[in-house]
Amino acid sequence: MPAPPVRNSATEETVNPMLVRPGDPAGETGGSVADLVAVIERSSDAIMTCDRLGRLLTWNRSAERLWGWGPSEVIGQSSVELLFPPHLQNDIRKLAQRVLAGETLEDIETEARRRDGMLVPIAVNCSPLVDETGTVHGGSLVARDMSELRLYQATLAESEARLRDAEALAHAGMWLWDAATDTVQWSDELHRIHALDPRHFDGSLAAHLAPVIAEDRDRVTEAMLAGLRTGDALEIDYRIARPTGERRWVSARGTATTDSSGRRVGLRGICQDVTDAKAAEEALRRQASLLHLVQRIAVAANEATTLEAALRSCLDAVCGHTAWPAGRAVFAEAELWHVAEPDRFGWIRQALAGRPSALAHHVRVGRAPVAGQATTAGVVGIGVPVLVGSEVAAVLEFFSVEPAEPSDQLMEALLAGGIQLGRVVERTRADRALAEQALHDPLTGLPNRVLFLNRLNHALSRNERQRNRLAVLFLDLDGFKHVNDSLGHDVGDALLVAVARRLGGVLRPGDTLARFGGDEFTVLCDQLTDEEQAIVVARRLADALVDPIDLGGGSEVVVSISIGVAFSGRDDDSADHLLRDADVAMYRAKEQGRARWEVFDVAMHTRAAYRLEVVKDLRRARELGQMALEYQPQVSMVDGRILGVEALLRWRHPQQGLLSPAEFIPLAEESQLILPIGSWVIREACAQLAAWQDEFPGAADLEMCVNVSARQLASDDLVSVVSAAIAEHRLDPTKVCLEITESVLMEDADFYLEALRRLFRVGVRVAVDDFGIGYSSLAYLRRFPVDVLKLDRAFIEGLGTGADTTQARAIVRAVIEMAHALQLTLVAEGIETADQAAALCRLGCDLGQGYWFARPQSPDALLDLLRRGGLALPPSTRVGAVARPELAAG
């Protein structure tokens, strides 16, 4: 509450010297004082004075408008605490000390805290108040609201940014020429078009024309002068040269500028980079001129039944259409002649004159058309490959005894013709290609499972005779399913191709890389002298995927690979056994954190067999009645009432006894059994809640919490399972809470956001479990429809006694305050001591769960607990109790 205003000792009336109005008794002390008071009252700036202790003495109307406080509410109050936000108060006090020391402060920018809590930007001037003896007895403060100025500045900056963006998008910059001063101004985009540093542009007309190439400069100069002279619009295209030597086409458009008398004094306009447009126009023209030739070659390729016939038709078409009258075709079976080697031209000239059908010497030709002119003779030749993909199947050669330079258009047409002819080759190879595909992966081109097993079996037979060893490496991409689901199968396929290329690039000569299926690859390392050679290969394969993979189109993916290694040399060596062992070692690598390699040992086989046995038993565990739910209370930290319970799955294995969820839930996830098991848990928990409510009316407000896995959340059936269970038992959906771990939500935020929205529409509540040990982001808490945060037990453990208590308290307090600010309920897990419970109570935690209150209970035990205590635990079990209740024993 504000302190009462200062009173006049003589009249006991509230006095504010800054509120004296003209005509009031106070005005009789002198017209100048009254006039000054009136000016201050009418000032648009907030004006106030304070004594040496910072207490407000005077307060004008503008101060009242700015802060929202009336004079009677502020006089005598501390100006620092009342007028400024807490985070600035120390800074304001330091400024006040400088003023009391006699210093005048001007244009201090800070923030005012209004009566309604809003922060307003202000500019402040502070001056000391000095009496006739020179003693500083207080200070004055003049504050101006800067909100409108800040808004104007922001709007102006945004407008300028939009203009720059528009120029950049259009590749167009603005220019302005003042003929009277011979100065030219360029916009930033125009500097970028010319690739000129603004510091090196002196703003003269000469500098404006300097980048124009010499052949176009006079034309541009005359056009600008004509525009100034006649007032006609300027429209001209010309070429410029950048400092690097690169040439660009630009299109300038402009109009004359006039002074107040209408006299033309300069030009203004825009200059746009049209290089790409010019290139497109030229390409279209070239394409049209060669269309006829390309059509003739295409017809020859389509109608021919053999490659020889197609080549003869093509040679006739080209020689009849161009100035290259002599032509010859050479097949790839022989060494191919290359016209770019001058030392061959002397012989070629003789061959053309005597026996043009014979070529005695040949060298390899490149993958693209190559033109060359003899240095010692007048014969010019062109070589054009007939391409099947990137393979050269034959070479077309054209010659002329007259020196000539082939045009780019002709070279492009000939290359297109070579590609058309390559299709004839493709048809003849179709059957052979089909046979080849039977042994290779069609996506990556790698050997497939069949070919890999064939090579592995041959290597085992050979190594048995030579007493050498080999290794099989089984590789599986980590996170490939996530890439496929989130980015699509096309991106997934591109990723597999890129991965195959990287992996193949780090293998030893003679090693075999195969795609085994899906995102699985295998490597055969043959002829090993020691095991370390295969380990080195495994390291290289893992390192090959460290850098992101660029898939083009702005897509960049980071993946890793888990590798299992199995060596030959055992009595039961076979291809199947080696692959099985390498596969087991690979799964061990995934268990150990992924992105690593593991070598197979017998213990791994034992573990794998155990896992298979557990999964087999898990498939029938529900049917055989081996699974049950226990329930652990969630207790109010205020009054000890049981407000909810968490359903916890238990499996009593007939041979191994009670299994921890940590032992079988991961296996259920991997084997997809988590979906039917999870659905059963939801139905069973809802049925139990309904049974409690029927037997004990006090359980009507009890909340049932059920854990949901990542696979369940990704399943399309989850919403229908939850909805059906709620409807069947006529439950209030707000009394059902689904718990999802924080790390699951972060795996694919956009995907799981939609899943949570579907649950939100059902009406159930959602809790984030294990909060704090994962990514803990305020961003996802704001995006996701979350109702509850469950603070992980790792933070609760530090609330006991010890050196880490202070830090643990600070962390827990911050999480609780954040949850409450976001209107979320905070549940603390794993409370095991009275100290922890008491600390959480003092920190304002909403609910607690843990052995201190009660262990997980059977349904009957939990019902008995509710009946004995209503919905409240006995006093001995509440927060701060010193003795553990009998409930803690279960």
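Excluding same-chain neighbours fewer than eight residues apart, the aspartates and glutamates reachable from residue 278 by a Cα-Cα span under 19 Å are 215, 216, 235, 237, 246, 408, 412. Given +1 at the Cβ of Lys and Arg, -1 at the Cβ of Asp and Glu and no other charges, the dipole of the stretch 207-267 around its Cα centre is 140 debye to the nearest 20.
Between residue 115 and residue 53, the simple spin-label model (points 7 angstrom out along Cα→Cβ) gives 2.4 nm. Under the combined filter of DSSP loop state and at most 14 neighbouring Cβ atoms within 10 Å, the stretch 58-109 retains these GluC sites (Glu not before Pro): 103. Applying 1/(1 + (r/R0)^6) with R0 = 22 Å to the Cβ-Cβ distance of residue 835 and residue 810 gives a FRET efficiency near 0.85. Compared with the rule-of-thumb size 2.2 N^0.38 Å for a compact globular protein, the stretch 68-114 has a Cα radius of gyration ratio of 1.23. Fully extending the segment from residue 210 to residue 436, taken as 0.36 nm per residue of separation minus the present Cα-Cα distance, adds 75.1 nm.
Each residue, residue 506 and residue 451, gets one label point 7 Å from its Cα in the Cβ direction; the gap between the two is 2.3 nm.
If I take R0 = 41 Å and measure r between the Cβ atoms of residue 821 and residue 533 in this structure, what FRET efficiency does the formula 1/(1 + (r/R0)^6) give, to the nearest 0.05?
In this case the efficiency is close to 0.10.
Summarising the amide proton neighbourhood of residue 739: residues at separation of 5 or more, or on other chains, whose placed amide H is nearer than 5 Å comprise 706, 707, 708, 767. Taking amide H as placed 1.01 Å from N in the peptide plane, the amide H of residue 644 sits under 5 Å from that of 634, 703, each at least 5 places away or on another chain. Taken one residue at a time, the phi angles of the stretch 588-597 give Karplus couplings (6.51, -1.76, 1.60, θ = phi - 60°) of 5, 4, 5, 4, 7, x, 6, 6, 7, 10 Hz. Gly and Pro are set to x. Applied to the stretch 221-236, the Karplus parametrisation 6.51 cos²θ - 1.76 cosθ + 1.60 on θ = phi - 60° returns per-residue 3J(HN,Hα) values of 4, 5, 5, 5, 5, 5, x, 5, 6, 9, x, 5, 5, 8, 9, 7 Hz, with x for Gly and Pro.
Extension gain for residue 127-residue 219 works out to 26.5 nm (0.36 nm per residue, less the C-alpha to C-alpha distance). Couplings 3J(HN,Hα) of the stretch 710-727, computed from phi: 4, 5, 5, 5, 7, 7, 6, 8, 4, 4, 5, 5, 5, 4, 5, 5, 5, 5 Hz, in residue order, whole Hz [Karplus 6.51 cos²θ - 1.76 cosθ + 1.60, θ = phi - 60°; x for Gly and Pro]. Put simply, the convex hull of the Cα atoms in the stretch 640-726 casts, on average, a shadow of 7.2 nm². When the GluC sites (Glu not before Pro) in the stretch 199-287 are filtered for DSSP coil states and for at most 13 other beta-carbon atoms within 10 Å of their beta-carbon, the remaining sites are 246. May I ask you to list the residues of the stretch 128-147 whose amide nitrogen lies under 14 Å from a point 7 Å from Cα along the Cα→beta-carbon direction of residue 108? Residues passing the 14 Å test: 128-129, 138-144.
Counting only protein heavy atoms and using a 1.4 Å probe, the accessible area of residue 599 comes to about 50 Å².
Principal axis extents of the Cα atoms in the stretch 192-276, from largest to smallest and rounded to whole angstrom, are 44, 26, 20.
Peptides 86-95, 263-272 ranked from most to least packed give 263-272, 86-95, packing being the mean of other C-beta atoms within 10 angstrom over each peptide's residues.
Taken over the stretch 452-524, the percentage of Cα pairs per 5 Å bin, counting from 0 up to the bin with the maximum distance, is 3, 14, 23, 20, 14, 11, 7, 4, 3, 1.
The values are calculated or read from the model by the stated rules, or taken from the named source; none is laboratory data. Not measured: the values here are computed from a predicted model. Neighbour counts run over all protein chains shown; Cβ positions are idealised from the backbone, glycine included. Protein only, heavy atoms only, side chains kept; ligands, DNA and RNA dropped before computing areas. Shrake-Rupley method; radii C 1.70, N 1.55, O 1.52, S 1.80 Å.
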